[in-house]
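Working notes, structure below.
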Amino acid sequence: ASMATAGKPLQSERWAGVVDTVGSHTLANACAATRWNGAVAACGLAQGADLPATVLPFILRGVTLYGINCVITPNATRTQAWALLARHLSADTLARMTSEIGLSEAIRASTDLLEGRLHGRTVVAVDR
């Protein structure tokens, strides 16, 4: 089933942690498929600001939903976060997680994102 469409309120456990940049049904499905005591960070609204979910993942599995607002994050916290990433992620690992597409490919990539087929970080080069 697609992550972007309505799913069951509690699904097979797939992830210990999720960073969701999409919202709406994708976020609801991510919560529903998160393992016991897992964490979901919501930081985007590409699909929508709604959350069509039940409380089942939170009550029965102890899933925690974190809201991430990077706009008001203090610089000291940002510095700590970047330092933590620098200690645990090599430049090679980051390069393997990143792809670059041209602006003409952005519509297809956004569809892939909403359907759960896009992984890692995609940079849109507007000059190509």
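May I ask you to give the average projected area over all directions of the convex hull of the Cα atoms of the stretch 1-68, in nm² rounded to one decimal? Don't jump to the answer; show the numbers that get you there.
Numbers: hull surface 14.8 nm².
Mean projected area for the stretch 1-68: 3.7 nm², to one decimal.
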Notebook entry, point to check: Using a Gaussian network model of the chain with C-alpha springs under 10 Å, which one of L103, L118, L89 is most mobile by mean-square fluctuation?
Noted result: L89
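What is the ratio of the Cα radius of gyration of the chain to 2.2 N^0.38 Å, where N is its residue count, to two decimals? Please list the in-between numbers first.
Numbers: Rg = 16.0 Å, N = 128, 2.2 N^0.38 = 13.9 Å.
After normalising by residue count via 2.2 N^0.38 Å, the value is 1.15.
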Margin query: For the ranges 36-49, 72-85, 17-30, what's the packing order if you count other beta-carbon atoms within 10 Å of each residue, average per peptide, and put the highest first?
Written below: 17-30, 36-49, 72-85
Next item on the list: Normalise the Debye intensity by I(0) for the stretch 73-121, one equal point scatterer per Cα, no solvent, then take log10 at q = 0.23 Å⁻¹ and round to two decimals.
Entry: -0.85
Item checked: Computed over the stretch 1-68: relative contact order in percent, which uses C-alpha pairs under 8 Å that are six or more apart -> 34 percent
Check: Relative contact order for the chain: what is it in percent, counting Cα pairs under 8 Å that are at least 6 residues apart?
Finding: 22 percent
Checklist line | 222 nm mean residue ellipticity, helices alone, for the chain (DSSP H n ≥ 4; -39,500 (n - 2.57); rounded to 500) | finding: -9500 deg cm²/dmol
Check: Once you put a point 7 Å from the Cα of T73 and another 7 Å from the Cα of L45, both along the Cβ direction, what distance in nm separates them?
Finding: 1.9 nm
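R0 = 22 Å: FRET efficiency of A81 with R117, Cβ-based, nearest 0.05?
Approximately 0.20, to the nearest 0.05.
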Item checked: Selected from H88, A125, T21, residue furthest toward positive end of dipole (the chain; charges at beta carbon) -> H88
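Bear in mind these aren't lab numbers, they're just calculated from the coordinates by the rules spelled out. Source: prediction; values computed, not measured. Using ideal geometry, Cβ is built from the backbone for each residue, glycine included, and neighbour counts are taken over all protein chains shown.
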